[in-house]
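The structure appears right after this line, and notes come after that.
Nothing in this text is a laboratory measurement; each read-out follows from the coordinates by a stated rule. Everything quoted here is computed from the prediction, not taken from an experiment. Here the Cβ positions follow ideal geometry from the backbone for every residue, glycine too, while neighbour counts run over all protein chains shown.
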Ligand SMILES: [Ca+2]
């Protein structure tokens with residue numbers, strides 16, 4: 001009797017965990033629209049730049065933020081279950097002054113890659129979607145942000161998909177030190193290191 005309970009429990013767990021994973025699919029896009037902006041030149045936008053900047057350049061006392069968005073798979077419906085979604089950015093040049101963190105927050109208003117500047121930047125969610133550690137002098141590495149719940153909200157229609165702002169948190173910047181970081185953008189020549197959205201769904 002005891003053994004049959006164990007066996008049925010294992011079968012139940014198998015059905016719960018293994019079966020949904022087996023039927024899941026992966027959708028990948030590297031077709032982003034993205035740009036970076038700077039506090040020292042508030043009317044400048046860099047939508048056609050081959051990089052995306054964040055952090056603080058100590059020498060010029062300049063602060064950078066980036067914005068990125070992807071159109072989603074048209075086959076997603078409000079019944080689609082998002083198991084995991086990751087925003088993957090290739091960090092070509094990490095901070096050279098000290099370790100840093102970068103965080104992403106959901107953008108709440110519409111924006112255009114070629115028109116966004118510091119002056120007209122859209123509002124963003126107060127809630128942080130995810131944050132990562134950037135290690136001093138660590139270059140040419142993939143940085144991954146977990147965007148699962150945001151993508152589920154986009155697919156459900158609960159939230160508008162205007163992408164994310166990528167930035168160094170303010171509490172970090174007041175510590176001073178050079179934390180400028182440069183990711184590859186959608187304009188970068190080698191498409192294999194452009195930003196990617198990787199969605200595991202069923
Ligand atoms: Ca761009």
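For the reader, a short list of remarks on this structure follows.
- Of all the criteria given as (1) touching a strand residue (DSSP E or B) at 6+ places or on another chain (Cβ under 6 Å); (2) over 30 Å from residue 23 (Cα atoms); (3) buried (at least 17 other Cβ atoms within 10 Å of the Cβ), the one not satisfied by residue 80 is (2).
- Within the range 91-117, being in contact with a helix residue (DSSP H, G or I) (Cβ under 7 Å, 6 or more places away or on another chain) and crowded, with 20+ Cβ neighbours inside 10 Å holds for 100, 106.
- Selection of the range 36-55 for residues being closer than 18 Å to residue 144 by Cα and within 16 Å of the ligand (Cβ to nearest atom) yields 51, 52, 53, 54.
- In this structure, residue 86 qualifies as within 24 Å of residue 24 (Cβ to Cβ) and outside any loop (DSSP other than H, G, I, E, B).
- With a requirement of 1 or more residues that are away from the ligand (no atom under 16 Å from the Cβ) and over 14 Å from the mean Cα position of the chain (by Cα), the strands (runs of 3 or more DSSP E) lying completely within the range 96-197 that satisfy it span 100-107, 124-134, 141-146, 181-184.
- Some residue of the range 56-68 being within 10 Å of the ligand (Cβ to nearest atom) and within 18 Å of residue 170 (Cα to Cα): yes
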